[in-house]
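Student: One structure, as C-alpha cells, below. Some questions next.
The values are calculated or read from the model by the stated rules, or taken from the named source; none is laboratory data. Computed from a prediction, not measured in an experiment: that's the story for all the values here. Virtual Cβ from ideal backbone geometry, glycine too; neighbours counted across all protein chains shown.
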Amino acid sequence: MSKKILISLILISILIGWGSVFEARTRKKKVDLANFSEEGNLKNGLITVQGNSILAVSDHLSPEPKVIKKVKVVITGYSSTIWETDETPELTASGSVVREGIVANNGLPIGTKIKIPELYGDKVFVVEDRMSWQKGKYHVDIWFPSYFEAKNFGAKRTYIEILEG
C-alpha cells in the first residue's frame, strides 16, 4: 500500500513541476506581448508574429485612447421608463440594449467614447442614444438602471473628454 502512495506522490510532484514550467512560459509570452504594444506593433487588437501570422490580443494591452477635445456640458441621468423615452425604452437610438456605460447626446456621433473625469475618473462611456432635440448638443444623459437612481443623480455642470477613435 505504501508503494502505491509513494508512486502517486511522485507522479503528482512531476505534474506540478510541469505545470510550473508551463506557467513560467505563459508568463514570458505575456511579457513579450506587452513589449509588442510598447514598440508600437499593436494595431487594432492584432499583432503580427514572425511576419506571417496574426495574433489577437486583449484590449488591456492597447494604449489609452487619446483625449481629442474637452467640452463643458450639463449632465443628467435617465432610465428606461416610458415617460423618459420613446415606445422602446430598452433600446437605444443605435439599436443596442441599454446597459451601464451608455450615454445620450445630440451633438456627438453614435459610438463616440467619452470620459467624465470629475465625476467618474477614467471610466469610459459610449454615446449610443439621443435625447429630445430641445436639450441641445451640450447636454449628456447617463443611463441608470432605475428611475430613482437617475433622479437622485440630479443635474451637474462639468466637462467631458472626447476620446480618439
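Student: Out of Thr76, Thr81, Thr88, report the one residue that is in contact with a helix residue (DSSP H, G or I) (Cβ under 8 Å, 6 or more places away or on another chain), assigned to a loop (DSSP other than H, G, I, E, B) and either among the hydroxyl-bearing types (Ser, Thr, Tyr) or surrounded by 12 or more Cβ atoms within 10 Å (Cβ to Cβ) (or both).
Tutor: The match here is Thr81.
Student: Can you give me the ranges of the strands (runs of 3 or more DSSP E) entirely in segment 109-165 with at least 1 residues that are assigned by TED's automatic domain parsing to the domain that holds Glu87, free of Cβ contacts under 8 Å to residues at least 60 places away in the same chain and surrounded by 14 or more Cβ atoms within 10 Å (Cβ to Cβ)? First the steps, then the outcome.
Tutor: On the way: elements: 113-115, 124-129, 139-143, 156-163.
Here the list reads 113-115, 124-129.
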